[in-house]
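See structure below.
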Amino acid sequence: MATAMVLAGCGGPPVDPLSDRSPVGPTVEVELTEREAYSTVATASLPRIEARVAPDLDAEVIVDLAHPTESGAPLVFQVISERDGWVEVLLPVRPNGSTGWVLGSAVELTRNQYRIEVDTGTHRLTLFERGRVRMEVPVAIGTGATPTPLGEFYLTELLQPPDPTGPYGTYAYGLSGYSETLQSFNGGDGVIGLHGTNEPSSLGSDVSHGCVRLANETINELVKILPLGTPVVITGPSS
Amino acid sequence: MSRRTTRILGVFAAVVALAVGLIVVPAGAEDDLTVKPDEVIRGQPGSTVTVATEQIPADLVGNVCDVRIATVNGSSVHPGNVVITRTGDQVFETPGIEDSPEGKVTDISSVTLGETLTLDLRLGDDGLSSLGFTVAVDCPEPTPAPAQVESPPEESTPTVLPAQQVAPPADPVSGNPTFTG
């Protein structure tokens with residue numbers, strides 16, 4: 001599918017007639033491949049999806065997941081790779097970073113041009129669109145006792161709380177990752193969220209039980225554009 | 001899933017020989033278009049110069065396709081130059097194309113193709129440009145509807161189609177979150 005590119009460059013013979021100008025600034029190397037600009041989302045097309053340890057029907061089943069999910073959201077995965085009719089995906093299960101293989105015929109693939117990076121060291125969330133920065137905003141993260149887990153996750157569900165003035169704000173995304181210190185929280189099983197807040201003054205600090213908090217205005221903007229399956233990469237100060 | 005690529009090659013003056021030397025014409029070359037090179041672009045700072053206007057094949061008009069701009073700068077630097085791509089009622093800009101020596105910029109936008117695709121260059125402070133760049137329009141090839149499969153997918157021959165559609169924004173579901181707030 002990738003488009004073959006032909007780059008017509010200056011710099012070699014024949015000589016650029018304007019090359020006598022002094023170079024200014026650092027060299028910029030921004031060469032986005034389609035793989036870097038887009039990710040792939042797999043959305044279940046069957047009521048249940050089995051993820052296996054290998055791309056083989058005889059391989060061990062890691063997990064059997066329902067579609068739609070318990071919250072009513074479609075079951076989605078972030079695609080890692082594809083091989084012989086199978087799709088390797090990130091799984092929304094413990095331990096964090098689990099992967100598995102699902103049948104390609106059991107999912108529908110779509111392209112996603114968005115990616116989120118959260119730097120817990122700087123308390124900043126950066127939204128990329130086709131590899132370019134579209135938004136950079138402050139966030140609150142987990143405390144030292146309940147840290148926000150680091151790793152590569154993706155958006156699994158989008159909930160609209162009944163009370164927009166509550167602690168989750170106007171919207172809350174669920175991530176595929178889990179707290180590594182809390183096995184359960186508030187009746188749930190410790191899923192990390194990306195949500196608004198009723199304490200905007202907390203942004204920029206370590207105050208949560210592991211979730212990533214955003215201003216309500218920010219989450220409202222994200223809801224307009226982000227598909228489920230959007231990659232969320234969380235890094236730490238030493239990453 | 002096959003795709004069709006329409007390549008529009010825009011090359012300014014000094015790089016034409018090199019560019020032609022690099023062209024690899026793919027199969028199905030009937031869609032490849034080459035814009036003849038102009039001289040080095042000169043104009044008033046801030047002015048816009050139309051570099052090329054190309055007709056979009058009729059069967060692609062109205063299709064949502066990826067338009068990919070790839071630029072490679074030479075050793076000269078002309079800050080503020082911007083490639084502007086227009087088709088139908090859509091416009092997108094690719095800035096920073098000559099801001100640094102040997103700099104490369106690749107920009108991809110999904111657009112609904114109009115009848116023509118026009119490439120403009122808005123000149124920066126020095127009113128000069130000597131850039132080489134390519135524009136490729138990458139469209140999905142129409143495919144027949146998939147056959148209905150009655151047997152369970154687990155028993156059928158697994159196939160995976162490359163992702164073609166852009167994922168839509170998520171639909172919110174009403175509910176009380178139990179995330180680690």
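The values are calculated or read from the model by the stated rules, or taken from the named source; none is laboratory data. Here the structure is a predicted model, which is why all the values come from computation and not from measurement. Glycine gets a Cβ as well: all are built from the backbone with ideal geometry, and neighbour counts include every protein chain shown.
For the list (1) of a type in the set (Gly, Ala, Ser); (2) within 10 Å of another protein chain (Cβ to nearest Cβ); (3) free of Cβ contacts under 8 Å to residues at least 40 places away in the same chain, I need the number of the one condition that A:GLY229 fails.
Of everything listed in (1) of a type in the set (Gly, Ala, Ser); (2) within 10 Å of another protein chain (Cβ to nearest Cβ); (3) free of Cβ contacts under 8 Å to residues at least 40 places away in the same chain, A:GLY229 misses just condition (3).
Restricting to the stretch A:119-152, give me the number of residues that are within 17 Å of A:SER208 (Cα to Cα) and surrounded by fewer than 17 Cβ atoms within 10 Å (Cβ to Cβ).
Total meeting the criteria: 6.
Name the residue that is nearest to the other protein chains (Cβ to nearest Cβ), counting only residues in the stretch A:164-190 that are β-branched (Val, Ile, Thr) and over 21 Å from A:LEU127 (Cα atoms).
That would be A:THR181.
Whether any residue in the stretch A:100-122 is part of a loop (DSSP other than H, G, I, E, B) and on the phi > 0 side of the Ramachandran plot is what I want to check.
No; the residues of the stretch A:100-122 include none that is part of a loop (DSSP other than H, G, I, E, B) and on the phi > 0 side of the Ramachandran plot.
Kindly indicate which of A:PRO68, A:PRO95 is outside any strand (DSSP E or B), at negative phi, within 12 Å of another protein chain (Cβ to nearest Cβ) and modelled with pLDDT of 95 or more.
From the options A:PRO68, A:PRO95, the qualifying one is A:PRO68.
Given the structure, is A:THR156 of a type in the set (Ser, Thr, Tyr) and assigned to a loop (DSSP other than H, G, I, E, B)?
Here the answer is no, as A:THR156 does not meet what is asked.
Out of curiosity, is A:THR146 assigned to a loop (DSSP other than H, G, I, E, B) and at the interface with another protein chain (Cβ under 10 Å from one of its Cβ atoms)?
It is true that A:THR146 is assigned to a loop (DSSP other than H, G, I, E, B) and at the interface with another protein chain (Cβ under 10 Å from one of its Cβ atoms).
Give the stretch A:153-171 a look and list any residue that's free of Cβ contacts under 8 Å to residues at least 40 places away in the same chain and either of a type outside the set (Phe, Trp, Tyr) or surrounded by fewer than 24 Cβ atoms within 10 Å (Cβ to Cβ) (or both), or say none.
Once the filter is applied, which keeps residues that are free of Cβ contacts under 8 Å to residues at least 40 places away in the same chain and either of a type outside the set (Phe, Trp, Tyr) or surrounded by fewer than 24 Cβ atoms within 10 Å (Cβ to Cβ) (or both), the stretch A:153-171 yields A:GLN160, A:PRO161, A:PRO162, A:ASP163, A:THR165, A:GLY166, A:PRO167.
Pull up the stretch B:75-92, narrow it to residues that are within 15 Å of B:ALA136 (Cα to Cα) and not β-branched (Val, Ile, Thr), then point me to the one that is surrounded by the fewest Cβ atoms within 10 Å (Cβ to Cβ).
Selected residue: B:PHE92.
Results for (1) within 18 Å of A:PHE128 (Cα to Cα); (2) in contact with a strand residue (DSSP E or B) (Cβ under 9 Å, 6 or more places away or on another chain), shown as yes or no for each residue.
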site: A:GLN183; (1), (2): no, no
site: A:VAL191; (1), (2): no, yes
site: A:ASN198; (1), (2): no, no
site: A:VAL207; (1), (2): no, yes
site: A:CYS211; (1), (2): no, yes
site: A:GLU221; (1), (2): yes, yes
site: A:ILE225; (1), (2): yes, yes
site: A:PRO231; (1), (2): yes, yes
site: A:THR235; (1), (2): yes, yes
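Could you please find all residues in the stretch B:58-74 being surrounded by fewer than 18 Cβ atoms within 10 Å (Cβ to Cβ) and out of contact with any strand residue (DSSP E or B) (no Cβ under 7 Å at 6 or more places or on another chain)?
Selection gives B:ALA58, B:ASP59, B:VAL61.
Which one of these does B:THR53 not meet: (1) touching a strand residue (DSSP E or B) at 6+ places or on another chain (Cβ under 6 Å); (2) within 25 Å of B:VAL166 (Cβ to Cβ)?
Only one criterion is unmet by B:THR53, namely (2).
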